[in-house]
Amino acid sequence: MPTELQTRHRLLRADARRMAAVADASVNLVVTSPPYPMIAMWDGLFGDLDPEIARSLADGRPQEMFARMHGLLDPVWDEVYRVLRPGGFACINIGDAVRSFNGEFGLYANHVRILDHLQRIGFTCLPAILWRKPTNAPTKFMGSGMLPAGAYVTLEHEYILIVRKGGKRRFPPDEQPRRRESAIFWEERNTFFSDVWTDIRGSRQLLEASAGRDRSAAFPFELAYRLILMYAIKGDMVLDPFWGTGTTTLAASAAGRSSIGYEIDQALGRLAADNVQAALAGMQNLLQARLEAHLQFARDWEARKGPLKYRNQHYGFRVMTRQEQEIFIDVPSVLTLATDDEIVCEYGGISFDGSDETGGLAGNQAMRSDPAQRLPGPDRQLKLF
Ligand SMILES: C[S@@+](CC[C@H](N)C(=O)[O-])C[C@H]1O[C@@H](n2cnc3c(N)ncnc32)[C@H](O)[C@@H]1O
């Protein structure tokens, strides 16, 4: 049987430049997206933290603005380094900015500036992901249009910088079963570990109605969820120092990892149980869809090339590699507000009733299942329990 799981999610309404509540080397993964320097929507926040920024904006001194804005992010990256365990990853979603000052259009390369600082303070830099955002207007152009030579390329991607504190993480024997259960499917690996992500569209969220969403520049749930699956195992601690609307917390709960968030904006920093509760059904559907996608992949593969070689022990369906045999997807079932700033998440699972070419009934018999909790969806073989 899979290991028992409970996760905890804490939000601190405070400035992440000093994360006093987080002990040294206590976090396994950081997934975050800071306010983007030189993007106008964040001028106010940066200006409140450093009044010189508002003055340099008024006086048209963009290089000084750029330097000062990053000067406010640097201490957060220093704290990220301190709290990460050796071998822990940080994944930072950041976009560059383009903007005109004094009639001069130019690029402000946030990703270069942040990467430079991360390397300086000791992080090992690893290949980054380009997150290609869908274009919405084929006619958009900047500059001189069709006439050479004064048009500018449109920025249609953001970065996910990936860095690690020191060398490879070592997994002691007691973490090995959880690591094997946390494996991803072979076909997921092929998409997740590509250096260009084109399949994450817009900012589909589990909590559409969340307060302040317009101001928050939230990243898509799938982005955080995917990074957590890639760089942490179940039960790990994930930190987001720029919590916003809490996408990282939701993704961590869905992935069976614990989380801690910092948020300076008091209007955003809410960890309301009913809010998270509202996301529960969304998470359950998403996890079911993940298993359905695997079953579809297995059916397509087997129709073309014959049976997959291995069988997953918990579900009984077939998988491509030996490493996928113990995958088990914990599904959030109960969320309770433990204190004002902490939520506890408990888990059930999904059972698989397949008796076709994708695997037979083996493994399923041992799992509790309640037909009344059958989820809607194209694949009637999956049930929540
Ligand atoms: C780009 S948003 C993050 C959005 C988040 N990823 C989400 O999905 O909702 C950046 C957030 O960082 C917060 N922030 C900025 N500076 C901060 C600081 N020094 N400490 C804590 N939070 C900060 C902002 O208020 C904003 O909510």
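Taken together, the values in this text are just the output of simple stated rules run on the coordinates, not laboratory data. Just so it is clear, the model here is predicted, and its values are computed rather than measured. Note: ideal-geometry Cβ built from the backbone for every residue, glycine included; neighbour counts use all protein chains shown.
Of note:
- Sequence of Arg201, Arg299 once ranked by neighbouring C-beta atoms within 10 Å, starting from the fewest: Arg201, Arg299
- For the pair Met142 and Met41, label points projected 7 Å from Cα toward Cβ lie 1.6 nm apart.
- For the pair Phe171 and Ser100, a Förster radius of 56 Å applied to the C-beta separation gives a FRET efficiency near 0.65, rounded to the nearest 0.05.
- Gly87 long-range amide H proximity, modeled H, under 5 Å: Lys165, Gly166, Gly167
- The ranking of Leu250, Leu286 by Cβ neighbour count inside 10 Å, starting from the fewest, reads Leu286, Leu250.
- Protection proxy ranking of 91-98, 167-174, by the mean of other Cβ atoms within 10 Å over each peptide's residues and highest first, is 91-98, 167-174.
- For segment 17-59, the dipole from Cβ point charges (+1 on Lys and Arg, -1 on Asp and Glu) about the Cα centre works out to 160 debye, to the nearest 20.
- Point-to-point label distance, Gln296-Arg201, nm (Cα→Cβ direction, 7 Å offset): 1.2
- Compared with the direct C-alpha span, the chain from Gln323 to Met1 gains 114.2 nm at full extension, assuming 0.36 nm per residue.
- Hits among lysines - C-alpha to C-alpha of Lys309 under 30 Å, sequence gap 8 or more where chains match: Lys168, Lys234, Lys383
- Separation of segment 83-124 from segment 16-71 is 11 Å, based on Cα centroids.
- Summed residue charge, Cβ within 11 Å of Glu175's Cβ, Lys/Arg positive, Asp/Glu negative: +3
- Normalised by the number of residues in segment 91-171, the mean separation of alpha-carbon contacts (under 8 Å, six or more apart) gives a relative contact order of 39 percent.
- In order along segment 67-73, the phi-based Karplus estimate (6.51 cos²θ - 1.76 cosθ + 1.60, θ = phi - 60°) of 3J(HN,Hα) comes to 5, 5, 5, 5, x, 7, 7 Hz; Gly and Pro are listed as x.
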